[in-house]
Amino acid sequence: GAGWLADRVRGRRGILGLAGLPGVCGALAFAFVRSYPLALLAGTVFLSIGAVAFGQLFACANVYAGSSGRDVTSFSAAMRAIFSAAWVVGPPLGLFLLAGLGFRSFYLIVAVLAAGCAGLGRGGLPPGTAPARRGGGARRHPPPGRARSPGRARPAPPGVCVPAAPPA
């Protein structure tokens, strides 16, 4: 997936820029496509691919916070608070804009905003430094479709409580 690919490239800004473009396509599809099945298909495909940007943005922020000497936990918490506020304020604001502007104008504005976010993701963020690889470039995760090596511990399945080892 995108996480596996992003761990192998030097910076995540290119992936952030590319991940914003399907959001533009999805918004344009909602603005101009009048067939409900086609709009549903286009929205599902484009907007789900564009959702990759959220995880990559948080990963990029963690790399930036670590490389700039900031506390990664508080930096990530501040970003999560901003995203939470957007989930609270965004829907009512979007409803008022949709009612005032109409469907096509609203989604054209959304497309412009998505293009702006893609541009910011590509060129407006500080580069940060890639995390150091352990063991001469050893992979942190196996490639998609490949199993882990037999010597590595596997996480417990969801819902299974594994007791911690007793203190030494």
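Numbers for the structure displayed
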item	result
Residue match in region 73-94 (condition: at pLDDT 85 or above, surrounded by 16 or more Cβ atoms within 10 Å (Cβ to Cβ), under 26 Å from V112 (Cβ atoms) and over 13 Å from the mean Cα position of the chain (by Cα))	no
Odd one out for A53, checked against (1) loosely packed, with under 11 Cβ neighbours inside 10 Å; (2) under 23 Å from the mean Cα position of the chain (by Cα); (3) at pLDDT below 85; (4) hydrophobic (A, V, I, L, M, F, W, C)	(1)
Single residue of region 15-50 satisfying the filter (under 13 Å from the mean Cα position of the chain (by Cα) and without any contact (Cβ under 8 Å) to a residue 40 or more places away in the chain) that is surrounded by the fewest Cβ atoms within 10 Å (Cβ to Cβ)	S48
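The values are calculated or read from the model by the stated rules, or taken from the named source; none is laboratory data. Just so it is clear, the model here is predicted, and its values are computed rather than measured. Virtual Cβ from ideal backbone geometry, glycine too; neighbours counted across all protein chains shown.
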